[in-house]
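Please treat every number below as a calculation from the coordinates, not as lab data. Predicted model only: the values in this text are computed from it and were never measured. Note that each Cβ is placed from the backbone with ideal geometry, even for glycine, and that neighbours are counted across all protein chains shown.
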Amino acid sequence: MGIYRPNVAAILRKPKSGKILICQRADHPDCWQFPQGGVDEGEDLIGAVYREVEEEIGLHRSTYTLEACRTGYRYNFPDGHLKKGLYCGQEQTYFLCDFLGKKKDIYFDTTSHVEFSAANWIAPEEFSLKWVPKFKRDVFRQVFYDFFQVSL
């Protein structure tokens, strides 16, 4: 049995339209995902989601509210790959967040490692599993069903 790295992800939603933010990976232009990342040692899940969102898309916590949370989503890295020589996969906690900011609040040049190159607001049912690596697709199917009752 492998060890799963704790991970958080933020689904940012415009409360009036229900549209959600997806971000295009800078290193894989065909891939779109939510801001997400690992939980640092000594960090709680809420602290991690605030940090990851700010690091990846520049949003300060005052520009969104945490509305819902679900945990226990797991995926394994492909081909037996171990991240950091230890983790066989990730166990994710997803946060649904209402975005209260403005378009200009979102930017990608936040650290020396730029994660994303573009962002787009879409209705949840517009999301395509083709935008996600195969090993993550089951998690995305479950997340979209759990949060939006959308079957992908």
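Annotations
- Considering only segment 3-148, percent of DSSP beta bridges that pair antiparallel, nearest 5: 70 percent
- Globularity ratio of segment 28-111, using Cα Rg and 2.2 N^0.38 Å: 1.20
- Restricted to Cα atoms, segment 86-152 shows a radius of gyration and a Dmax of 14.4, 39 angstrom.
- Segment 1-73: translational diffusion in µm²/s, Stokes-Einstein, Kirkwood Rh over Cα pairs, 25 °C, 0.890 mPa s: 182 µm²/s
- The base-10 log of I(q)/I(0) for the chain, evaluated at q = 0.09, 0.11, 0.15 Å⁻¹, reads -0.26, -0.40, -0.77 [Debye formula, identical scatterers on Cα atoms, solvent excluded].
- In nm, spacing of pseudo-spin labels at SER117 and LEU82 (7 Å Cα→C-beta vector): 3.3 nm
- Restricting segment 49-152 to trypsin sites (Lys or Arg not before Pro) in coil, as DSSP defines it, with at most 16 other Cβ within 10 Å: LYS84, LYS102
- Out-of-range pairs (alpha-carbon distance over 19 Å; input LYS16/LYS102; LYS104/LYS136; LYS84/LYS134): LYS104/LYS136; LYS84/LYS134
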